[in-house]
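To start, the structure itself, in structure tokens.
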């Protein structure tokens, strides 16, 4: 496919989102140059959940089988009460789910997904460079000029700002700063051979409790246990500078069920992730540069859609560019394309950011509110898709994939 063969695009940032955009555009023939400041490509962290809204895109790019070969397809999403371990509700991820959404729900190691995208992007012809830090992007008439630390300059038709939560390029469109949730995450990935667990884990299990939650699922074909502990930091509430340290971890889960407390022994205690997002903004464009991925819409993790949103961005941009190529007889009107992408994606992504905050509050309720939430979960219709279609049934307006919903749906469809 060579519709965009006369287009040159520079991408600032080589995380999952940056590499996904490089792949999507290079597959269509664009000359893509990606600049990553790190000396090597890779992803930190551990497990990553990918819903069908992501697996459909990976399938369209021809990389799903590669990723699934090292991943796991869980049988269910299971919500348990963190204090009692009672199963509150399940989402069956089997045949009816896959038929409904056109793709599986799976879990993978972040590095495995990233590596698959890097390989595919290079095979598609994208140029991926390490050790180059983008410092500025400016528009000069019908081109962008991308400046880097060290003085090297790149010119292109457009630039994608994909430099993450702490984006330097976001300052060109907004003066906002990352917003702290006051919560901190500890992660751990261990071989099941080294873990004292009797049960065979086949599900993604989320223990939700007062001011904390704990997630477990298998990785690497079921050979590894992945865990995430997230809790509200007392130190943050007191204004302590070094908040969220390991001394807070055991206390945060002291009243939780033994299933949860047992899992605390299989976490990395030498590193932690403070949980931030950003307030939604409507405009991601500065001249011929557009922010995408976490630079534009970094979410909290509760809807497991941060990486998928970046992949949705990539597919949406490539789809709009190819449409314009066809409509304009081979010419690509990039300013028009960037505005169309911004207008569609901002509605979708800002909704996920906002609902993610609400979903986190729901998970962490205490007292009477917790009891009411548990009853809501227990009594939900487990055969209904009405509360998940808005998230997992979405695809961009020009996608050739089935769409269950429009980009904007009935307000309130995300209440569960």
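Quick notes on this structure:
- Positions within region 219-231 being part of a strand (DSSP E or B) and more than 19 Å from the chain's Cα centre (by Cα), in sequence order: 224, 225, 231
- Of all residues in region 252-308 being part of a helix (DSSP H, G or I) and touching a helix residue (DSSP H, G or I) at 6+ places or on another chain (Cβ under 6 Å), the one that is nearest to residue 337 (Cα to Cα): 293
- Selection within region 30-53: residues that are assigned to a loop (DSSP other than H, G, I, E, B) and touching a strand residue (DSSP E or B) at 6+ places or on another chain (Cβ under 6 Å). The member of this set that is surrounded by the fewest Cβ atoms within 10 Å (Cβ to Cβ) is 46.
- Whenever a residue of region 229-257 is at positive phi and buried (at least 18 other Cβ atoms within 10 Å of the Cβ), its partners that are in a strand (DSSP E or B) and modelled with pLDDT of 95 or more, lying with C-beta atoms within less than 6 angstrom and at least six residues away or across chains, give the pairs 244/184; 244/274.
- None of 134, 153, 145, 78 is modelled with pLDDT of 95 or more and touching a helix residue (DSSP H, G or I) at 6+ places or on another chain (Cβ under 9 Å) except 134.
- Failed item in (1) over 30 Å from residue 59 (Cα atoms); (2) assigned to a loop (DSSP other than H, G, I, E, B); (3) in contact with a strand residue (DSSP E or B) (Cβ under 9 Å, 6 or more places away or on another chain), with residue 167 passing the rest: (1)
- Scanning region 54-77 for residues being touching a strand residue (DSSP E or B) at 6+ places or on another chain (Cβ under 7 Å) and either crowded, with 20+ Cβ neighbours inside 10 Å or assigned to a helix (DSSP H, G or I) (or both) gives a total of 7.
Results for (1) in contact (Cβ under 8 Å) with a residue 60 or more places away in the chain; (2) in contact with a helix residue (DSSP H, G or I) (Cβ under 9 Å, 6 or more places away or on another chain); (3) in a helix (DSSP H, G or I), shown as yes or no for each residue.
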position	(1), (2), (3)
311	yes, yes, yes
314	yes, yes, yes
321	yes, yes, yes
326	yes, no, yes
331	no, yes, no
340	no, yes, yes
343	no, no, yes
354	yes, no, yes
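The values are calculated or read from the model by the stated rules, or taken from the named source; none is laboratory data. Since the structure is predicted, the reported quantities are computational estimates derived from the model, not experimental observations. Methodologically, a virtual Cβ is constructed for each residue, glycine included, from the backbone with ideal geometry; neighbour enumeration extends over all protein chains shown.
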